[in-house]
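Reviewing the structure listed below.
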Amino acid sequence: MAAYLIFMVPALLLSLWASFRTKSAFNKYSKVRTARGLTGAQAAQEMLQRAGISDVKIVQTQGFLSDHYNPVNKTLALSPNVYGTPSVSAIGVACHEAGHAIQHATHYGPLWLRSALVPMANIGSTLSYIIILAGLLLLRSQTTVYFGILLFSAVVLFQIVTLPVEYDASARAKRLAVENGIIMPQEREGMDRVLNAAALTYVAAAVSSIMTLLYYLMLAGGMRRD
């Protein structure tokens with residue numbers, strides 16, 4: 001238990017801090033209306049049009065900050081607080097997701113790699129824990145534990161690849177939102193704070209998955225010594 005706490009408590013604290021920063025920044029700038037008054041959906045649409053993209057559908061989805069772009073069906077889903085809100089926060093999030101659609105249209109390599117990793121990452125996140133526990137507690141098999149660790153490694157790789165994908169989408173959003181006149185230059189600071197805070201959640205997720213992997217490797221190494 002002590003070893004688990006050593007590995008996981010720092011990751012948990014980072015995740016909590018990142019979540020707090022994201023919600024705090026979003027809530028603060030959701031009260032700041034942009035000069036043009038575009039909603040998140042309108043901002044995303046304008047970003048896509050300026051990039052020459054006409055085959056992406058923008059829809060509203062449920063949940064708080066559940067915004068995402070699905071490259072499979074070319075759908076950009078925006079949460080209620082983003083879709084119809086003319087705030088700095090909404091514009092930042094919507095333009096970030098539009099940045100993913102632009103990545104897809106321009107064949108951005110890391111986005112393609114992340115999409116290719118999704119099936120294995122889903123399998124790893126679902127089965128790795130079961131296999132590792134079975135190897136540790138039921139079968140007492142180091143080979144089984146390592147197989148579970150191999151599956152979980154797909155989750156870690158996915159989280160690591162996600163970092164440049166999200167950073168690039170935010171960088172595109174920050175630059176194009178101003179260049180396209182979606183926000184005024186003086187509104188850029190608030191947008192930056194929202195997107196920079198959100199980026200911390202991806203860093204926290206990557207750190208958490210890496211620490212978990214290291215903990216599993218430690219357990220497997222302990223079996224060998226036993």
Packing-ranked peptide list from 76-88, 9-21, highest mean Cβ count within 10 angstrom first, is 76-88, 9-21
With equal scatterers on the alpha carbons only and no solvent term, can you work out the Debye log10 of I(q)/I(0) for region 79-162 at 0.12, 0.15 1/Å? -0.55, -0.69
If one compares the long axis through the Cα atoms of helix 142-179 with the longest principal axis of the Cα atoms of the chain, the angle in degrees, nearest 10, works out at 10
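Give the residue list of trypsin sites (Lys or Arg not before Pro) in region 25-93 that are DSSP loop and have at most 12 other beta-carbon atoms within 10 angstrom.
Lys31
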Amide N of region 98-127 lying under 20 Å from the label point, which is placed 7 angstrom from the Cα of Leu150 along Cα→Cβ: 117-127
The chain, helix-only ellipticity at 222 nm - DSSP H runs n ≥ 4, -39,500 (n - 2.57), divided by all residues, nearest 500: -25000 deg cm²/dmol
At 25 °C in a medium of viscosity 0.890 mPa s, region 2-225 has a Stokes-Einstein diffusion coefficient, with Rh taken as the Kirkwood radius over alpha carbon pairs, in µm² per second, of 131
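Coordinate-derived values only; no laboratory data. No experiment lies behind these values; they were computed from the predicted model shown. Cβ sites come from the backbone with ideal geometry, for glycine too, and all protein chains shown count toward neighbours.
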